[in-house]
1. Pull up all non-local amide H partners of Q370: gap of 5 or more, or a different chain, and H-to-H distance under 5 Å with H placed in the peptide plane.
2. Kindly provide the helix-only [θ] at 222 nm of the chain, computed as the sum of -39,500 (n - 2.57) over DSSP H runs of four or more divided by all residues, to the nearest 500 deg cm²/dmol?
3. Within the range 182-248, list the GluC sites (Glu not before Pro) lying in a DSSP loop whose Cβ has at most 11 other Cβ atoms in a 10 Å radius.
4. Which loop-located trypsin sites (Lys or Arg not before Pro) does the range 68-150 contain, where loop means any DSSP state but H, G, I, E or B and the Cβ has at most 10 other Cβ atoms within 10 Å?
5. Can you tell me how the range 13-117 classifies by the Cα gyration tensor, rounded, prolate or oblate, using a/c under 1.5 as the rounded cut?
6. Please determine, in degrees from 0 to 90 and to the nearest 10, the orientation of helix 82-101 with respect to the longest principal axis defined by the Cα atoms of the chain, where the helix direction is its Cα long axis.
7. Measure nothing fancy, just the Cα-based angle from helix 186-197's long axis to the longest principal axis of the chain, in degrees from 0 to 90, nearest 10.
8. Straight-line reach from K90: which lysines fall under 28 Å, measuring Cα to Cα and dropping same-chain residues less than 8 apart?
Amino acid sequence: MSSDFPAATAATDVLLAEADRRYLACDWASALALYGEIGDRDPARVDALALPIGIGHCRIELADMDAIGGLALHPGPCPESARARGFITKARHRALELCRAGDAARAARLLRFLGGYDWAIAETYAHNIDRKPLGWTLRAPDRDDPPQFLAATGLSDEAVAAARQRHQGRRVLLAVPRYLSRHYEVIDNLVRSGERFGLVVQEFQTHLGGRAPDDYASSLLAAILEFKPDVLYYCDLFETDPAAFSPDIAAQVSNVLVLARATLGVRVVRYLTDAWRTAMRVGGDLFVGLGSCVDLLHHQAPLVLGVGTDAQRSAAFCYPTPCHLPGSQVDQGAIPRACFVGRIHEWAYARAVWWAECSKLGLPIDWRVQMPWDTAQLADPPASDQHYADLLRGYAISINFTSRLNRVRILTARSLETLLSGGVVLEEATADTAYFLKPGRHYLTFETLADLAEMIPALVADRPRRLALADAGQRWVAKYFDGDYFWAGLLDKLATLG
């Protein structure tokens, strides 16, 4: 029996175990028969065993294609349990398999059924798929008010040039994980842009790899003592680094940072890759360590700008990390379709609903999806950096879905990467992206499936509009997000903190 399905305690244990085994093996007919027999024997326990989820899923798998849309299913009131979560997890993965296999109608029916048990899926249907068109336009905005980040940071070409002179030769130790053998990860872009800005940069690998956890803090201290940095830029400190998983290591790392600040004058920057997730998590603390072992919080989530006290907010810098990709020489829109390039994982499972429903409608979108169980995501991704850039530029449109849990919509790296490559972004609207970019000038937005269905063919057919968007977006990202503005803003912000 799978660990997702804890053993029942009634006399039907053996029968239930066999039914679960058949279900997990995708033997839908046998599993359905056995679940039905259990329901006949012990109807009082049907909901507690979450059988309505398993039975509904099996019926969807066994239905004729012509009957999928009209299949009558009635989600039962299954209580929250490990068994219910096990059924939901299996069905979620199965929906992705069906999408990949081209059975979008069955995938969509399964996902809509799961909406009765999974609020994140239900929210996507309610707010995006089933809503009426909200209206859209391909026209550029009448006004060119600059995005908010320029006023908020006070950055300008003159300020950046002056900062470059002030900070020449400063030593920055980048404590950032490296997982892939690509050349355009966050760490690579930080190193490349920092050196171009005139900094002396060194990398410290926070991913343990084969290192013993107990040696982590001492190796960090050794790196600091050897390099003697002016700034330690630490990615996801106390969030997903080794210090996040052991109170002892957390205390050791804290002591190292306190010592480095007090004796060497090192300024410590805590960078949160997903500050929105920290802010929404129970017990999450954006400002942990601030004032004791951290000088500055760096994040790229405008939605959390109002969080914290005045002192805490003044010690935060909101800006995307530098964005670089190899140059693409393919013609923009050489492939007259839209594409989605990316992953579907727990925090962004709404993308599965979009995949199923867009494919069910036959929208001209190519889905280049990396599944959550693909081990390739821990090694080299399927496409090279160059291939990735060529995809983003070569398709007429790059679709970006920004929703995360709790209807949070974030700025994703893919938006900036697409624009930098000379591609066209059509994005699920989020205030976070609009904080840094100008909707209608650099990219376009959508909210509903109905709008998306109309916008894609219209934009594919409007080459002049696409080229105008691609040109404006590429120039904007190349200027403001290649690293010079980032380093000037970060280092000057540190300087103002004293």
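Each value in this text was obtained by applying a stated rule to the coordinates, not by laboratory testing. What you see is a predicted model, and the numbers here were worked out from it, not measured in a lab. Because the Cβ atoms are built from the backbone with ideal geometry, glycine has one as well, and the counts that use them run over all protein chains shown.
1. G342, R343, I344
2. Per the formula, -13500 deg cm²/dmol.
3. Passing sites in the range 182-248 do not exist.
4. Sparse-neighbourhood loop trypsin sites (Lys or Arg not before Pro): R139, R143.
5. prolate
6. Taking Cα atoms only, the helix is inclined about 80 degrees.
7. 20 degrees
8. Filter leaves K360.
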